[in-house]
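Let me begin by presenting the structure, written as structure tokens, before commenting on it.
Any read-out appearing in this document is the output of simple, stated calculations on the displayed coordinates, not a laboratory observation. Values in this document were obtained by computation on a predicted structure and should not be read as measured data. A quick note on method: Cβ atoms are made from the backbone with ideal geometry, for glycine too, and the neighbour counts reach across all protein chains shown.
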Amino acid sequence: MNSAVDAPSQSELDDFRAQVSAWLKDNKPADPGFLLPQTFMEVGSDQQLDFLREWQHKLWSAGYLGMAWPKEYGGQGVPAIYQVIADAEMRRVGVPIAFNVIGLGWAGPLILHRGSDEEKQKYLKNILSAEDIWCQGFSEPDHGSDLGNVQTRAVRDGDDYVINGTKIWTTMGNYAKYMILLARTNPEAERKYDGLSFFLSPMQVDGVDPRPIQKLTGEYGFTETFFTDARIPASCLMGEEGEGWKIAMQTLQYERGAEAGAAGGLMQVRVVIDDVIECLKGVTRDGKPLLEDPVIRDELVKLMIEEKAHSLSGRRAGIPALTSDYPFSLNLSGKLRSSEYARRMRKFAVAAQGGHGGLYVGDDDALDAGFWQRAYLNNFSTTIGGGTSQIQANIVGEHVLGLPK
Amino acid sequence: MSNILSFTDEQAMILDSAREFCREKSPVSAVRELLSSETAFSRQTWDEMVALGWPSLAIPEAYGGAGLGFGSIVPIAESMGRALLSTPLFSTTLAAQAILRAGQNAHKEYWLPQLAAGTAATVALLDGGDWGATSTSCAAARDGDSITLSGEKWFVADAGVAAAFVVWCELDGGSALVLVESDMLAADAIQPHAMLDETKRAAKLNLEGVTVPAANLLDAANADGVLRDLQLLGALLVAAEATGSTGACLDTVVDYLKTRKQFGKLIGSYQALKHPTVDILCDLDAARSLIYHAATLLDAAEAGAELDQDTEIACRMAKAQAVEALTFAGDRAVQFHGGMGFTYECDAQLYIRRAQYSQQQFGDAWHHRKRLAGLLLDSAA
């Protein structure tokens, strides 16, 4: 991003890796005594929020978040490779997530690329420091994955827009100060996409009512957000009226990490099959260790093969000679493969526990404090959210294989 | 565990030219013409492969080979599988690896240049159908300067055209590998199997009373280790071939789903067919990543060196994944072609027959996952 800076040498990068690794080890928070969210979609209590806010602030204060963003907006102004290294070390050391994901990975990069200087000054630093939490208002109750059909209305009235409608699955809607909002300014537009506009919309105004949704885990993390004649300043409009669809699609590009413009930090705690094996070590079946049971072993090895293949496919995706048959296959199927694998792995981790599989968070006898039970249920957010696996399979079938709609 | 995957420009060139060659030489009409032939391959195509140097790739330069890693055969095997093109390349390659890994200098100097130049050879490892057997009922007995064999071997690939057989037998209470030349066999020693996969040929090899010079005993201090490595290399070749066949099978399914109409709609628009077809693609992608991972590890190893644990894991994972992918793809290919799929004329039969044969060769998916469990779960305990 900041190409004015000379490319760093390998030894500089190695030094940096050692430095960030040492800092992370020294500053990794102690176990807080309650289960921490594995993703930003699981922040369900003030206790969890306060913890994660403090951690993100600490990470940023130490200079390991938003490294590639300009200094005047709270960043470090160094090449993105530094953030990539810092993120890799965070994953390796296993620190908590940088939870302000919509700000760090969506709104922030968008403002950096398209925003006015005033908007950059106003928003960016507070995204990094976790002072301002951001949420996203794309999905609506009746339209699921079909963003083109957004019905929430924004009507210009003098210096304001008046918003009416309902958004759903607003992550941290009850904690957020701002929302990136997709709303319809022109219901008459010939193409439904051309009637949409994009707003950096304040949440703490009259007429905005985020009501927490209780998830299947019993916890909170999302809201349904009702807009009833909510007035927001006209200056909240990003770009021009009618550019909403284009800008919304642009925000999705940043998700892929620091090199794509995101501020960095872990978006989710990585859970791997070795963690499942570790959990199952003490479990017995037929009076013998579960891990000696041939059926269980075969299932575990199937999962291990799949996990390894996903990891290798990430490398293969970068080798054009080995992706020539269906060049977009690995990229377009990535979400489908990884979320479905994660679901099946967690499902297995609960099912294989024997009687312990029936316990839940809060029971002292639960294995790993009930982590797998909760993780399995929460993982449906990844196979449903952002386009269900079934929609993803349609996309891959139609766009990779060329199958008819 | 290693997670490397790299592909050199040289390998990219091999892949490119191999795909082009196989596509040109082996359209499905040519595959079908060979189904009922004696050898299941075209002599002319084999000669051209030899001219391209394919049998020589993984043979060291000192023995007349190209001196590339074993991984360089993976793109060729994948390309052959894609075109359902059979030749004695895999059999000959494995026999060369057996001689390279277990032979004395004299064996290598005599045989490897010949195999590099296109003399076909094969390996005879299996008694019956159990790839997991740890001993063989095929016995060798010393008799002065010669060795007399007994018993029989099954699934000896390309036996009808092989000039030499590397045979696993038991000698002095342990495993041994003996080189049997075709002129040492009885006239009716080779009994072809009726093959489920009609693009392949394999036979029972009757070794009862076959006498070979004692000099034909390969010098494997660690015959069991060499046998394991041969099985792993064979498994990888079949995995690469099966991956190619899965790609071709997927293309066949996709073509049909895009052209066949039922109830007024292209059948590919039905999610009941579309989604499993995407599953085939994802299974194929996993297999492809695993075979080239194994190839990467093998290319990094010294020629003929015992395979390390990472490579063993990689070969076994590749085999388990690739044959499961092809079996699923072939099975769905028949089903999705409807009544047409039930006919001999439909190409789906070629893939499902290939799938079930590939599943067995060098151990099926359960066989390899069982061994992976030992490698991956017990060491962690």
Before anything else, pin down the relative contact order of segment A:1-132: Cα pairs under 8 Å, at least 6 apart, normalised by residue count, whole percent. 31
In this structure, among B:K25/B:K319; A:K167/A:K215; A:K335/B:K274; A:K122/A:K177, pairs with alpha-carbon gaps over 22 Å are B:K25/B:K319
Counting other Cβ atoms within 10 Å of each Cβ, which chymotrypsin sites (Phe, Trp or Tyr not before Pro) in segment B:256-356 have at most 11 and sit in a DSSP loop? B:F263, B:Y344
What do you get for Rg/Rh over chain B if you use C-alpha atoms and the Kirkwood form of Rh? 0.98
Inter-label distance, nm, simple model (7 Å from Cα along the C-beta direction), A:D194/A:D274: 5.5
Using the basic label-point model (7 angstrom from Cα toward the beta carbon), what is the B:D172 to B:Q104 distance in nanometres? 1.2
Where both residues lie in chain A, what percent of DSSP beta bridges are antiparallel, nearest 5? 85
Ordering A:18-26, A:146-154 by per-residue average of other C-beta atoms within 10 angstrom, highest first, gives A:146-154, A:18-26
Note: A:391-397 gets an average of partner chain Cβ contacts (10 Å, Cβ to Cβ) equal to 5
Estimated FRET transfer efficiency (B:W366, B:Y344; beta-carbon r; R0 41 Å; 0.05): 0.85
Pulled fully out, how much extra length does the chain show between A:A62 and A:Q19, if you take 0.36 nm times their separation in residues and subtract their Cα-Cα distance? 14.4 nm
Compute the Cα gyration tensor for segment A:10-132, then decide on rounded, prolate or oblate, letting a ≥ b ≥ c be the square roots of its eigenvalues: rounded whenever a/c is under 1.5, prolate when a/b is larger than b/c in the other cases, and oblate in all that remain. oblate
Inter-label distance for A:D160 and A:E12, nm, one decimal - labels placed 7 Å from Cα along Cα-to-Cβ: 5.1
Dimensions of the protein assembly as shown along principal axes (Cα, Å, largest first)? 104, 62, 58
Within 10 Å, count the other beta carbons around each residue, average over each peptide in B:367-373, A:322-328, and list them highest first. B:367-373, A:322-328
Using a Förster distance of 25 Å, the FRET efficiency for B:R43-B:A117 (Cβ separation, nearest 0.05): 0.95
Between B:D130 and B:A221, what is 0.36 nm times their sequence separation minus the Cα-Cα distance? Round to one decimal in nm. 30.3 nm
Extension gain from A:R285 to A:E259, taking 0.36 nm per residue of separation minus the Cα-Cα distance: 4.6 nm
How would segment B:121-216 be classified by its alpha-carbon gyration tensor: rounded, prolate or oblate, with rounded meaning a/c under 1.5 and the a/b versus b/c comparison settling the rest? oblate
Using a 10 Å cut-off on Cβ to Cβ distances, tally the other chain neighbours for every residue of B:264-276 and report the average as a whole number. 4
Quick one: compute the contact order of segment B:46-121, relative version, from alpha carbon pairs under 8 angstrom and 6+ residues apart, as a percent. 38
Sorted from fewest to most neighbouring beta carbons within 10 Å, what does the list A:Y254, A:Y64 look like? A:Y254, A:Y64
Where no second cysteine Cβ lies under 4.7 Å, the cysteines concerned in chain B: B:C22, B:C249, B:C282, B:C315, B:C346
In segment B:348-378, which residues have a backbone nitrogen under 19 Å from the label point lying 7 Å from B:Q309's Cα in the Cα-to-Cβ direction? B:368-378
Please work out the Cα center distance from segment B:205-269 to segment A:1-68, rounded to the nearest Å. 48
At most 11 other C-beta atoms within 10 Å and a DSSP loop state: those are the exposed GluC sites (Glu not before Pro) I care about. Give me the longest piece of chain B that has none. B:39-301
Mind checking which helices in chain B clear 18 Å along their axis (Cα) and have mean Kyte-Doolittle hydropathy of 1.6 or more, DSSP H runs only? none
List the GluC sites (Glu not before Pro) in segment A:25-110 that DSSP assigns to loop (not H, G, I, E or B) and whose Cβ has at most 14 other Cβ atoms within 10 Å. Which are they? none
